[in-house]
Structure formats: structure tokens, C-alpha cells
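Q: Below you will find the structure I want to go over with you.
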Amino acid sequence: MPYVRHDLVAETARLARSGDAVESLRAAGRRYAAMIRVVTLPITAVVAIAAAESPQMRYACAAASLVLAGWSVFYARQVFRHPPRWVTAVDASALAALALATPWLVSASWLSSGKSWIVPFCTFACVAYQYYEGRISGSLAGLVVIMGMVVGTVTGRPEGSVIDGVITACWAVVVTGLARLLWTLVHRGGELADQTIAEAETARRESRIAALVRADEQASNRDLHDHPATTLLMVGLGLADPRIGEQAERDLAVLRRPADERPPARSDLCGLLAVACDEARLPVTRTGAEQLIVPTNAARAMTNATIEALTNVRRHSGAGSAEVHVAEDGGIVIVEIRDEGHGFDPERVLTTRRGVRESIRGRMAEIGGCAAIESELRRGTTVRLRWTHA
């Protein structure tokens, strides 16, 4: 019983921990933003240098690409981890300055036909901001860069040329807004997932706690059935026994057992069974193994089930003695309790009788074992307990 209470506390603490879908999404957003910069920058630099219309512009594009590459390495590393707010602000300012330099970095022939290598690069950056920044900070950073693109494109566009470049720069507002909307929806999905997981964990925790509480109650009932209740019944019926005082002391020790008491990890099953047989109040012959070290919970469960079986022999079988045989075969531990008494029909045992159902089969089921009862009228009874090493 006290061990079940300890498990209840441990299980509650373990189930209190859960994952965080939103945090996973944020980490994914930072990775996407860093990857966007790493992938788009080399391609943009090559296009910028190749499309320059003069050596001076080519040198300017190469210098701008080198400076931007150096900053972008730092930016990508910061974003991949968890960037402070100032990193995004500096990056947005740098890209806005790059966009304002459009007249010196993009050829007039490109601008006159509505083309620019700066606009797509900066638009990708504006989209990336939405993947890891908050709604306000990400939108402001994107707006700063877009304003630089519009002003730079308008300033560098030759007189009388098409306005397609200006329209493309303005269209970045829509692209950035859609990216923000998409990421908001994804983020909301993560929040709903977290909420669903939390509710499921709560329900599972409550179910597990309820199961542990029921197990605690069953353990209490078994202890009462196997020890104090039986002793009190004997006293009430006036069935005196020379050792009833000793039994009452043991029963009292069971009820007073500290809640935080922990058993040793492993115990000698044969030693525990020897004590149980000596206290059975009828002659018991022990055969088979002399020592068998198993986990304590299994040893105690099988010993308590054996005590209940011997109690039933003494009370109901009419036999004057019993035999307890212990064996291990291929990791399977077997304890057999035999008598040559009246016997009974196991299928006709009332469901209200807890001895066989709870104190024998219930205890074995809790440790992953099983109990089989073979009995025939006037041919005795054999209770076979089986448990397998994990």
C-alpha cells in the first residue's frame, strides 16, 4: 500500500512534463530564415556582378556583396540560435541601405525594363523576418526594407521607363503580408496542438492517478482481508489460538507501516515462503529450491498469494497439511500450493469472495504473473503461481 502511494507521486510528476509544439515551430522558423539567407545570397551576388554595366558598378557590386556576405554569416548564425531583437533591426537597416543604393548597383537597362536583383533578394528577407519575429517587430522590419526598395527603385529608374520595377517593389508588401498570415496560421495550429496535448496529458494523468488510487485501495483491502480482519473475526467468534496474540502484533505492524518505507530491490523468495509456511498454523511441507533471488515486489506478491492459499487450506479444505513447492525453469518461477482436502469448483466461487480473486489472482496480475487453480471435489486443490523474469 505505501509503495503504491509513492508510485502515485512519481507518476504525477512524470506526467506533468510535456512537449511544446509552438517552441518547435519557432525553432523551425529560425532555421528557415537562416537557410533563406544562405541560399539566396550567393545567387544574388553572382547575378549582381554579372549584370553590372560598367567596371565601376561591378566593383561596387562585388564590394557590396562581400560586406553583405560577412554580415549575413553573423546574421544567419544568430538567427539559427535565438537572435536578439537588435540583430533583425540591424539587418533590416542594412538591406534598406542596400536598396537605397539601387542607382549605383543596378544597371539602367535593367531598371528601365522593370528588373532589379535587389528587389527579390530583399523580398525574401522580408518573408524570412515573419518566420521568427513577432507580428509587430517582423512587420516593421519588413516595412523598413520595402520602403528602401520603393525609394531606391523610383530614384534609379530612368526617366520615361516602365514602372514595372516600382510595382514589383510595392508588391513585396503583399508577399510579406501573406507570409505573416501563413505563419500566424501555422503558429495558431501549434498552439492548438499544444492545447490538445496538454488536455490529453491531463486526462491520461487523471486516469493513471485514478488507477493508482484504485490499486492503493485494493492493496489496503487485501492487507485487511489477509491480516487484521481475519484476526478480528477469529476473536469475535471466540476461536482462541495460542499464537493469536503474535498474529495481532504482526497485523498491527502492517497497519502502522510507514508510508515512505521502501523495500530492498531484490529478496529471497524461498526465505519469505519459509516464514509464511512456519506461520501458517498448519503443517506445511516445503520442497524444491532452497534459495531464489527475485525482485522484491514479485517475491512479496507471490508470498502473500501463498499465505492466502494456505489460509484457504486451513479454513475450507478440511486437509490437515499442505505442500509448497518452489521451482524455476528457464526464467519462469513457479510456486505450487497443494492439499488433499475436500476440493471445490473454482467456477462457483462467489464474486463477493475476495480471497481468490484479489489476494491470489489480483496480486499475481499486478506483477505480470498469473495464478491457476485446479480443484475437484474430494480430490484436493492445487494453486499454481507463475511469474516470468523480465
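The values are calculated or read from the model by the stated rules, or taken from the named source; none is laboratory data. Note that the structure is a prediction, hence the values are computed from the model and not measured. All Cβ positions, glycine included, derive from the backbone under ideal geometry; neighbour counts span all protein chains shown.
Q: Where the second residue is of a type in the set (F, W, Y) and part of a helix (DSSP H, G or I) and the first is under 14 Å from G29 (Cβ atoms) and lies in segment 70-81, which pairs have Cβ atoms under 8 Å and are six or more apart or on separate chains?
A: Note: pairs meeting the criteria are V79/Y132.
Q: Could you tell me how many of the residues in segment 48-81 are among the aliphatic types (A, V, I, L, M), over 51 Å from the mean Cα position of the chain (by Cα) and crowded, with 17+ Cβ neighbours inside 10 Å?
A: 5
Q: Still on this model: Please pick out the residue among I146, I136, I118, I167 that is assigned by TED's automatic domain parsing to the domain that holds A48, closer than 28 Å to R31 by Cα, surrounded by fewer than 14 Cβ atoms within 10 Å (Cβ to Cβ) and aliphatic (A, V, I, L, M). So that I can check it myself, show each step before the final result.
A: Numbers: I146 fails: surrounded by fewer than 14 Cβ atoms within 10 Å (Cβ to Cβ); I118 fails: surrounded by fewer than 14 Cβ atoms within 10 Å (Cβ to Cβ); I167 fails: closer than 28 Å to R31 by Cα.
Going through I146, I136, I118, I167 in turn, just one is assigned by TED's automatic domain parsing to the domain that holds A48, closer than 28 Å to R31 by Cα, surrounded by fewer than 14 Cβ atoms within 10 Å (Cβ to Cβ) and aliphatic (A, V, I, L, M): I136.
Q: Taking segment 148-171 on its own, how many of its residues are out of contact with any Leu (no Cβ under 9 Å at 6 or more places or on another chain) and either in a helix (DSSP H, G or I) or not aliphatic (A, V, I, L, M) (or both)?
A: 11
Q: Checking the structure you have, find out if any residue of segment 82-96 is within 30 Å of Q195 (Cβ to Cβ), over 32 Å from the mean Cα position of the chain (by Cα) and exposed (fewer than 14 other Cβ atoms within 10 Å of the Cβ). Walk me through how you get there before you give the answer.
A: Taking segment 82-96 first, the residues within 30 Å of Q195 (Cβ to Cβ) are 82-85, 88.
Then drop every residue that is not over 32 Å from the mean Cα position of the chain (by Cα), which leaves 85, 88.
Next cut, exposed (fewer than 14 other Cβ atoms within 10 Å of the Cβ) only: 85.
Yes: segment 82-96 contains one or more residues that are within 30 Å of Q195 (Cβ to Cβ), over 32 Å from the mean Cα position of the chain (by Cα) and exposed (fewer than 14 other Cβ atoms within 10 Å of the Cβ).
Q: Given the conditions (1) out of contact with any Pro (no Cβ under 9 Å at 6 or more places or on another chain); (2) within 28 Å of I167 (Cβ to Cβ); (3) in contact (Cβ under 8 Å) with a residue 12 or more places away in the chain; (4) part of a helix (DSSP H, G or I), which single one is not true for T40?
A: Just one mismatch for T40, condition (1).
Q: Let me confirm something: among R357, R353, R338, which residue is buried (at least 20 other Cβ atoms within 10 Å of the Cβ), assigned by TED's automatic domain parsing to the domain that holds R384 and either charged (D, E, K, R) or modelled with pLDDT under 85 (or both)? Talk me through it step by step, then tell me what you get.
A: Values: R357 fails: buried (at least 20 other Cβ atoms within 10 Å of the Cβ); R353 fails: buried (at least 20 other Cβ atoms within 10 Å of the Cβ).
Result of the check over R357, R353, R338: R338.
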